[in-house]
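Below is one structure, written out as structure tokens; the observations come after it.
The values are calculated or read from the model by the stated rules, or taken from the named source; none is laboratory data. In this text, all values refer to a predicted model and were calculated from it rather than measured experimentally. Heads up, the Cβs are rebuilt from the backbone with ideal geometry, glycines too, and the neighbour counts pull from every protein chain shown. Accessible surface areas use protein heavy atoms only, side chains included; no ligands, DNA or RNA. Shrake-Rupley method; radii C 1.70, N 1.55, O 1.52, S 1.80 Å.
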Amino acid sequence: MQRTITIDHGNRLIKTANHIFPESYVESGYLPGIGSDVLKHNGKTYTLVDQSLPVLNDKTEDERYFILTLFALGKELEEDAETLRKLSTNPNDFIKVNLLVGLPLQHYETYRKRFQRYFTQHQEPIIYELNNKSYKIKITSAHVYPQAFAAALTAHNEIKHSNTVNVIDIGGFTVDCLQLNNFRPNMTLCTSLYLGVRTLFDKINEQARATGGKDIADNIIESILNNEPHALAEYSEKRINLVQNTAYTYADRMLAEVAQKGFDLEEDRTVFMGGGAILMKKYILESNRAKKSLFIDDVRANAKGYAILHEMKNHTGSHARNIANGGE
């Protein structure tokens, strides 16, 4: 049994082709896990939680992303009843996984091979449980592709005729910026700014405390930024204005810093992606700094782009291979 599975290891969320979950967990030792997603491996129990963890440029320095990968693989496989039935009836069988993952382009060459080895280092199949279902898998191969570039491929038809395209991937902690020239990455314009939406949330709470208020929970901030009717009806005008006005200021500052790095937001097409871009779409548009903007509204776009790149790498057409070679 072999499966190809794509995983986008973000700094706030883990995304697969079909699932999204937090990039954090707690270990509960030998005690039963409490929560909707509970993983048991090597005598330990892990439960997914929604909390902020330090950003790791080198995602191989501890087991965090390995454990999160086991969660992701289980989630992708849990609906495959036939495969799970075969595993349960044949104890010698296991699932061979061809894993497609990604890294920010500015870290790509430094960490690519290390990231591959991180996932393929286990010689024996990995046995674990997720939500009371048993899995036996072996990652037989791992292919690493550049984030943002992969996501841009999902909008290929909309931007393929643009000579120059700015790609702005807004995540929880970073804003990854990349310029494409004729759909090839321009490595002289490739940078990462620590201005992800976590910066915005922190600034909102600084403003709240400065005006005598209390910290505002992330889910409340998100509901206000999304103009959800229940949030606009439930919370005070003061709180709503504080969140929205801070968001306008953040969007303007973030785009100004992107422009200072050499990205022409007025003349060139700019593609925004990532969960932060989806959350901040209204405020980015109203800043009017990016004149030719396109939003990829699918937070799973990187994960889907890895699959596109992998297929292109194995395609016989030279044009497809040339596009894909901006990747692995």
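From the list 113, 136, pick out the single residue that is open to solvent by 10 Å² or more (accessible area, probe 1.4 Å) and in a strand (DSSP E or B).
Values: 113 fails: in a strand (DSSP E or B).
Matching residue, one of 113, 136: 136.
Inspect all residues belonging to segment 20-28 and state whether any of them is modelled with pLDDT of 90 or more, within 10 Å of the chain's Cα centre (by Cα) and open to solvent by 50 Å² or more (accessible area, probe 1.4 Å).
Checking segment 20-28: at least one residue is modelled with pLDDT of 90 or more, within 10 Å of the chain's Cα centre (by Cα) and open to solvent by 50 Å² or more (accessible area, probe 1.4 Å).
The conditions are (1) open to solvent by less than 20 Å² (accessible area, probe 1.4 Å); (2) under 28 Å from residue 36 (Cβ atoms), and residue 129 fails exactly one of them. Which is it?
(1)
In segment 277-328, how many are under 19 Å from residue 144 (Cα atoms), of a type outside the set (A, V, I, L, M) and either modelled with pLDDT of 95 or more or buried (at least 16 other Cβ atoms within 10 Å of the Cβ) (or both)?
The total comes to 10.
In segment 241-276, which residue that is small (Gly, Ala, Ser), within 24 Å of the chain's Cα centre (by Cα) and surrounded by fewer than 22 Cβ atoms within 10 Å (Cβ to Cβ) is modelled with the lowest pLDDT? Walk me through it before giving the result.
Residues of segment 241-276 that are small (Gly, Ala, Ser), as a first pass: 247, 251, 256, 259, 262, 274-276.
Retained after the next criterion (residues that are within 24 Å of the chain's Cα centre (by Cα)): 247, 251, 256, 259, 274-276.
Within this subset, residues satisfying the condition of being surrounded by fewer than 22 Cβ atoms within 10 Å (Cβ to Cβ) are 256, 259, 275.
Working: 256: 98, 259: 98, 275: 92.
Once the filter is applied, the top-ranked residue is 275.
Looking at 257, 267, which is the one that is over 25 Å from residue 210 (Cα atoms), assigned to a helix (DSSP H, G or I) and touching a residue at least 12 places away in the same chain (Cβ under 8 Å)? Give the steps one after another, and end with the answer.
Details: 267 fails: assigned to a helix (DSSP H, G or I).
Criteria check complete, one pass: 257.
From the list 154, 120, pick out the single residue that is in contact (Cβ under 8 Å) with a residue 24 or more places away in the chain and over 14 Å from the mean Cα position of the chain (by Cα).
On the way: 120 fails: in contact (Cβ under 8 Å) with a residue 24 or more places away in the chain.
Exactly one residue qualifies, and that residue is 154.
Being modelled with pLDDT under 80, under 25 Å from residue 300 (Cα atoms) and either assigned to a helix (DSSP H, G or I) or in contact with a Leu (Cβ under 8 Å, 6 or more places away or on another chain) (or both) is the requirement here; does residue 35 meet it?
Answer is yes for this residue.
Scanning segment 94-107 for residues that are part of a helix (DSSP H, G or I) and closer than 15 Å to residue 56 by Cβ, which turns out most open to solvent (accessible area, probe 1.4 Å)?
106
Name the residues in segment 283-298 that are part of a loop (DSSP other than H, G, I, E, B) and under 23 Å from residue 257 (Cβ atoms), would you?
288, 289, 290, 291, 292, 296, listed by residue number.
Of everything in segment 228-240, what is part of a helix (DSSP H, G or I) and open to solvent by 50 Å² or more (accessible area, probe 1.4 Å)? Give them in sequence order.
229, 230, 232, 233, 234, 237, 238, 239
Under the condition of being under 21 Å from residue 23 (Cα atoms) and assigned to a strand (DSSP E or B), which residue from segment 169-207 is most open to solvent (accessible area, probe 1.4 Å)?
Step one: filter segment 169-207 for residues under 21 Å from residue 23 (Cα atoms), giving 169-176, 192-202.
Going one step further and asking which of them are assigned to a strand (DSSP E or B), we end up with 169-170, 175-176, 192-193.
Numbers: 169: 17, 170: 0, 175: 0, 176: 19, 192: 34, 193: 14 Å².
My answer is 192.
Looking at the structure I just gave you, is residue 56 open to solvent by less than 50 Å² (accessible area, probe 1.4 Å) and closer than 19 Å to residue 18 by Cα? Give the derivation first.
Working: open to solvent by less than 50 Å² (accessible area, probe 1.4 Å): yes; closer than 19 Å to residue 18 by Cα: no.
Criteria not met by residue 56.
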